[in-house]
């Protein structure tokens, strides 16, 4: 199965990269911290709310840590296909913080409860086909409580070849500030082409609306990276 082989390859890379992930991400993702803050700012609940939150593809826990800081009474759940990433998330959240952890991939995971907030960052582009993405959006919608929100921070494609070429040029320019040309051309760009399956931002917005989400909007965008989502 194509998705099983691809997810296994992604899992292997993430297991290897877990300890260096936070340093790597700042080299590869333009304005990463701004992107995360934009997502956090879109969560519409009061600071003392006891909201249920799940982070899909939590990585080392950067988003869930910020949610913990902004919403100290939140009930936290994380999902990642890498055990090492989950362990890094636990360390980041600190001792005494109860967090439910799932080690699984998006193709196999089934939501067992309702959430007020579902978030994800730099993960859903690993879903291979358009249909895979649509199916997962339906699962997310079904797992949200009434008036619950979903926001995703992720890589997107340009709407045409010219825009996509410009996006890639700007991305390479950013990476060149911290990475050698050899590293970009022989490591990061091949990995992007082999493991990632992004689509256009417009596709995401249409699919969310078709799923039933309301107030679908783009919260933040910088060329090929965007934060978008909506409300159940």
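What follows is calculated from the coordinates using simple rules that are stated; it is not laboratory data. Small disclaimer: the values here were computed from a predicted structure and weren't measured. So basically every Cβ, Gly included, is an ideal-geometry build from the backbone, and we count neighbours across all protein chains shown.
Key figures for this structure:
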{"item": "Filter result (touching a strand residue (DSSP E or B) at 6+ places or on another chain (Cβ under 7 Å) and more than 19 Å from residue 21 (Cβ to Cβ)) within the range 54-75", "result": "54, 74, 75"}
{"item": "Test: residue 123 is within 21 Å of residue 42 (Cα to Cα) and either touching a residue at least 60 places away in the same chain (Cβ under 8 Å) or surrounded by fewer than 14 Cβ atoms within 10 Å (Cβ to Cβ) (or both)", "result": "yes"}
{"item": "Those residues of the range 74-88 which are more than 18 Å from residue 51 (Cβ to Cβ) and surrounded by 15 or more Cβ atoms within 10 Å (Cβ to Cβ), in sequence order", "result": "80, 81, 82, 84, 85, 86, 87, 88"}
{"item": "Output for the range 83-109, where each listed residue is within 14 Å of the chain's Cα centre (by Cα) and more than 23 Å from residue 144 (Cβ to Cβ)", "result": "85"}
{"item": "Number of the exception - residue 86 against (1) more than 20 Å from residue 139 (Cα to Cα); (2) touching a helix residue (DSSP H, G or I) at 6+ places or on another chain (Cβ under 8 Å); (3) not in a loop (DSSP other than H, G, I, E, B)", "result": "(2)"}
{"item": "Entirely in the range 132-232, the strands (runs of 3 or more DSSP E) that have 2 or more residues that are over 16 Å from the mean Cα position of the chain (by Cα), touching a residue at least 12 places away in the same chain (Cβ under 8 Å) and crowded, with 16+ Cβ neighbours inside 10 Å", "result": "144-155"}
{"item": "Matching residues in the range 91-131 - criterion: being out of contact with any strand residue (DSSP E or B) (no Cβ under 7 Å at 6 or more places or on another chain) and either assigned to a helix (DSSP H, G or I) or on the phi > 0 side of the Ramachandran plot (or both)", "result": "91, 92, 94, 96, 126, 130, 131"}
